[in-house]
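Visitor: Before we start, here is the structure in question, set down as structure tokens.
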Amino acid sequence: MTDDSPLPPDLPHDLRSRIDALFARWARPDSPGAAVRVTRHGREIHRGFYGMADLAHGVKIDERTVIRIGSQTKQFTVLLALMLEAEGRLSMEDDVRRHLPWLPEYPETVTLRHLAANVGGLRDFLEIMVLGGLPIGAPSTRAWARRIIGGHGGVNFRPGTDLIYCNTGFFLLSEIVEQVSGKTFNQLLEERITGPLGMRDTRLMRWDSEILPRLADHHTRGPDGGWHKAQWGVVLGGEGGMVSTLEDMTLWLANLDAPKVGTPEMIARMSAPGAVIDGIPSPYGLGLVTCRYRGLASIGHGGGVAGGRSESVRFPEAGIGIVILGNTDDMGPFSLARRILDLVLGHEPGPPCTAATAGRLKQAAGLYRAEDGDDVFGIAVKDGQPVFVSNMNSGMPIEQVGDDAFMPERGIVPLEFTPRGDGDMDTRWFGRPRRFRRLADAALPAAPGLAGRYADAATGFEAEIGEEDGETVLRLSTPYGTWQTALEARAPDLHLAVPWRALSDTPPKPGAIDAGGWEFTIRTVADGIVLNDDRTKHLHLARTA
């Protein structure tokens, strides 16, 4: 269903049908999908519902279908913290350990502002759970999460000196707002935000197993290629646990434009850079992401949970607001919102990139590793187009941002890269130049002497590496669980952790760099191994045997 009221004459006459075409693959009675609304200067110019909320019972998605919004929760958590700061109950410059003394002593002070801006340097507890053998789908508790966070005093970087998206920071913020207010997150949310705005169906849903009126099922593709219900066992809070509807999130987006709850100053703080890193403003503010697309400022946040993806974003200079709530993880709302903007502005949908430069990127397909560290990214070709891949994503569209400069189309990855004539990549991260060397396109022999046992006493991580069924296998044991993965060498000292064929229903093809291509990297050093991925850096395990 789409709105059929007349469009303003300065908009493309076929705008609605072209937006519908973006979502056509989900607009089926046998597919989950999305609810979408587009406004301009406060007036709705498109409303569409695509696919099903409940495949088993044939229930369509509509205006009031309740869908998880994932990390969009973070903007609500920050606004609650700013409201409490205005009342003198906390300060965003407080040391986090002032409120939560059970936390480990970090090398330097981490403030609440650092947490809200994703510049605190803490390790992401959800990532550590998975690395530690406690699958995110297995039942767990907030107490488990506190134990995991409390066991990791090591940091990814010094506070304020870099940006890595971190759910730990917002877990801790939500604990603090509950502690200093004496109320639950839901009580605060309803009292201060959703109640006054009339957001009747927006709340924190801590468990995926909860039952709520009009709650959509959430979906993922199974090994058989069909749709499966998706569910996490982790208990979610202010880092990503909220549900909402298209109607409610439109009210929220309007509040960010003209605040009825919070103040203009609070919203401005949320949108402004949360840190200046090496002279470059961070795209992440305090709970909101600010970047640019086609010369326009973009302010918003996305969300990803089990079987769900969402995005709410404003382009203030154009007066455009876009809300996308999807009940499938087979969707990229950040990019879809930009394709909608393309159509509103009269462009053909797609990130700016000429055919010639797209061809150059296709020729550069492969894996690249920082010459001064363990960071790895890849360029792959998906559906005929070059995409940016890492261990955390299945392939982002690539945007051309200069004559010979490119960026992944994602607001919180401030990485520019340029293919070199010698096959390597020049990159800039917050203006810092780094050269990335191309890794081998096929697996190499495993590093000599890699087999053995390794451990880190501080975190309780233990690893055993050996040969089995013709593969190099890593068994990782932690206080939370165990898991096993295969190691594939791509440089003499660097191995990718990939699904072990003996345990995988869909083993990767040799040399694959797709969504299942690698989980993390293992680098061999003189006294052990170092584990590294997009959100966990420099986890050193010393050789014990």
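The values are calculated or read from the model by the stated rules, or taken from the named source; none is laboratory data. None of these values were measured; they are calculated from a predicted model. Ideal geometry is used to build each Cβ from the backbone, glycine not excepted, and the neighbour counts take in all protein chains shown.
Visitor: Do the conditions hold for ALA275, that is, is it under 28 Å from THR111 (Cβ atoms), touching a Leu at 6+ places or on another chain (Cβ under 8 Å) and touching a residue at least 12 places away in the same chain (Cβ under 8 Å)?
Guide: For ALA275, the condition - under 28 Å from THR111 (Cβ atoms), touching a Leu at 6+ places or on another chain (Cβ under 8 Å) and touching a residue at least 12 places away in the same chain (Cβ under 8 Å) - is met.
Visitor: Among strands (runs of 3 or more DSSP E) lying entirely in the stretch 393-505, which contain 3 or more residues that are modelled with pLDDT of 90 or more, touching a Ser or Thr at 6+ places or on another chain (Cβ under 7 Å) and not aromatic (Phe, Trp, Tyr)?
Guide: In the stretch 393-505, the matching strands (runs of 3 or more DSSP E) lie at 471-478, 494-498.
Visitor: Could you identify the single residue in ASP422, ASP441, ASP383 that is within 25 Å of the chain's Cα centre (by Cα) and among the acidic types (Asp, Glu)?
Guide: Result of the check over ASP422, ASP441, ASP383: ASP383.
Visitor: Further, regarding this structure: Quick one: ALA297 ticks every box in (1) without any contact (Cβ under 8 Å) to a residue 24 or more places away in the chain; (2) under 27 Å from ASP54 (Cβ atoms) except a single one, so which number is it?
Guide: (2)
Visitor: Are there any pairs with C-beta distances below 8 angstrom linking a residue in the stretch 45-71 that is on the phi > 0 side of the Ramachandran plot to a residue that is surrounded by fewer than 21 Cβ atoms within 10 Å (Cβ to Cβ) and charged (D, E, K, R), with the two at least 6 apart or on different chains, and if so which?
Guide: From the stretch 45-71, the pairs are GLY51/ARG28; GLY51/LYS60.
Visitor: Name the one entry in GLY195, GLY150, GLY154 that is surrounded by fewer than 16 Cβ atoms within 10 Å (Cβ to Cβ) and either touching an Asp or Glu at 6+ places or on another chain (Cβ under 9 Å) or over 30 Å from LEU531 (Cα atoms) (or both).
Guide: GLY195
Visitor: Any residue in the stretch 219-237 that is within 29 Å of ALA275 (Cα to Cα) and touching a Ser or Thr at 6+ places or on another chain (Cβ under 7 Å)?
Guide: yes
Visitor: Could you pull out the residue among VAL119, VAL96 that is in contact (Cβ under 8 Å) with a residue 40 or more places away in the chain, closer than 22 Å to LEU286 by Cα and out of contact with any helix residue (DSSP H, G or I) (no Cβ under 7 Å at 6 or more places or on another chain)?
Guide: Details: VAL96 fails: out of contact with any helix residue (DSSP H, G or I) (no Cβ under 7 Å at 6 or more places or on another chain).
Exactly one residue qualifies, and that residue is VAL119.
Visitor: Go through the stretch 402-417 and count every residue that is in contact with a strand residue (DSSP E or B) (Cβ under 7 Å, 6 or more places away or on another chain), touching a residue at least 12 places away in the same chain (Cβ under 8 Å) and buried (at least 16 other Cβ atoms within 10 Å of the Cβ).
Guide: Of the residues in that region, 10 qualify.
Visitor: Then there's this: Against the definition (surrounded by fewer than 21 Cβ atoms within 10 Å (Cβ to Cβ), under 30 Å from PRO414 (Cβ atoms) and not basic (Lys, Arg)), how does ASP224 come out, yes or no?
Guide: Here the answer is no, as ASP224 does not meet what is asked.
Visitor: Return a yes/no flag: does the stretch 309-329 have any residue that is surrounded by fewer than 21 Cβ atoms within 10 Å (Cβ to Cβ), in contact with a strand residue (DSSP E or B) (Cβ under 7 Å, 6 or more places away or on another chain), touching a residue at least 12 places away in the same chain (Cβ under 8 Å) and on the phi > 0 side of the Ramachandran plot.
Guide: Yes, because at least one residue in the stretch 309-329 is surrounded by fewer than 21 Cβ atoms within 10 Å (Cβ to Cβ), in contact with a strand residue (DSSP E or B) (Cβ under 7 Å, 6 or more places away or on another chain), touching a residue at least 12 places away in the same chain (Cβ under 8 Å) and on the phi > 0 side of the Ramachandran plot.
Visitor: Look at ARG98 and say whether it is among the basic types (Lys, Arg), modelled with pLDDT of 95 or more and buried (at least 16 other Cβ atoms within 10 Å of the Cβ). I'd like the intermediate steps shown before the answer.
Guide: Details: among the basic types (Lys, Arg): yes; modelled with pLDDT of 95 or more: yes; buried (at least 16 other Cβ atoms within 10 Å of the Cβ): no.
So ARG98 fails the test.
Visitor: Inspect the stretch 382-397 for any residue being free of Cβ contacts under 8 Å to residues at least 60 places away in the same chain and of a type in the set (Ser, Thr, Tyr) and give the result as yes or no.
Guide: No, the stretch 382-397 has no match at all.
Visitor: Assess whether GLU85 counts as being of a type outside the set (Ser, Thr, Tyr), surrounded by fewer than 24 Cβ atoms within 10 Å (Cβ to Cβ), on the phi < 0 side of the Ramachandran plot and outside the structural domain of ILE322 (by TED's automatic domain parsing).
Guide: no
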